[in-house]
1. Of the accessible area of segment 155-201, with the probe set at 1.4 angstrom, what percent is carbon plus sulfur?
2. Please turn the phi angles of segment 125-135 into ³J(HN,Hα) values with the Karplus equation 6.51 cos²θ - 1.76 cosθ + 1.60 (θ = phi - 60°), one per residue in order, whole Hz, x for glycine and proline.
3. Which whole-number percent of Cα pairs in segment 49-131 have a distance greater than 23 Å?
4. Between L65 and K117, with labels modelled 7 Å along Cα→Cβ, what's the label distance in nm to one decimal, could you check?
5. For segment 137-207, state the semi-axes of the equivalent ellipsoid (square roots of 5 times the eigenvalues of the alpha-carbon gyration tensor), sorted largest first and rounded to whole angstrom.
6. Taking the Cβ-Cβ separation of L128 and L104 as r and a Förster radius of 25 Å, what is the calculated FRET efficiency to the nearest 0.05?
Amino acid sequence: MKKKTLLIQLLLLLPYYSLASNEALPSADSVTATTCHHHEKKTRVFIYTQLISPSLLIGSGALALCSQRIRSVDNQINRGVSAQHKRVSYDDYIQYVPTASVLLLEVCGVKSENGFKKQVITLPLSILLTATLVNAGKYSVQRMRPDQSSKNSFPSGHTATAFMGAELLRMEYGKEYPLIAATGYALAAMTGAMRIYNNKHFLSDVLAGAGVGILSVRIAYWLSPYLNDMLWKNNMSRSGAVPSLSPYLIKDGYGVTLSFNF
């Protein structure tokens, strides 16, 4: 059972190692106007290779929906990993740690790649995209959970939330603090493994959830310059509004409230 759990964790950590070696991190805004303009143009060009790792994860998970052989592998893994044992609830909380760490590090003054002004846009947008994609999958696929508790197994929402936070950590702190990014991905992998251990998800659900979380963040960073123009360049200069980002945590989820004080 320990060997299978370790294998699942290694599979979920593969995206981090792939990203660290093959995909460049976005550059921070430069002080000079010329470099800043160059950075803005570069940020708005969507690099399609960014889609490779999340697409592979989502595609690998989706194969189980149309392949009996892969579904049988899913079932074998769950029977081996989640054999009779008491359910643990750590995954209900660990899923939020990477995202909370992004906010905590910013509050503590740890320099991020893009700064608070961009995080005001990318964090809520990432959460919105993740929630939308996860719920669209759950309610359209309606896959039965391995414990037979409900028909909303695919993809794993806990895993998507955890990998969303891990990717945010990588984008903001991975260049200067690679250990922070690695820790975020380790926690995300642990969340996915625990969902299987608790018999709440199949491996394919977890892989798809990881892909959704990563993909949502990358889309959010691509869209953020356009939203930045709308919120900051057009409105903020005229109105003098001051933004306030307030995260909140409730029993069944979490969110971020974005408000402007005039």
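1. Values: 770 of 1180 Å².
Answer for segment 155-201 is 65 percent, counting heavy atoms of protein chains only.
2. Residue by residue, segment 125-135 yields 5, 4, 4, 4, 5, 4, 4, 5, 5, 5, 5 Hz.
3. Tail of the P(r) past 23 Å holds 52 percent of the pairs.
4. 4.1 nm
5. After scaling each eigenvalue by five and taking roots: 28, 12, 6 Å.
6. Working from the Cβ atoms, E equals 0.75.
The values are calculated or read from the model by the stated rules, or taken from the named source; none is laboratory data. Everything quoted here is computed from the prediction, not taken from an experiment. Counting neighbours? That spans all protein chains shown, and the Cβs are built from the backbone with ideal geometry, glycine included. Side chains are part of the model used for accessible areas, which takes the heavy atoms of the whole protein and leaves out ligands, DNA and RNA. Shrake-Rupley method; radii C 1.70, N 1.55, O 1.52, S 1.80 Å.
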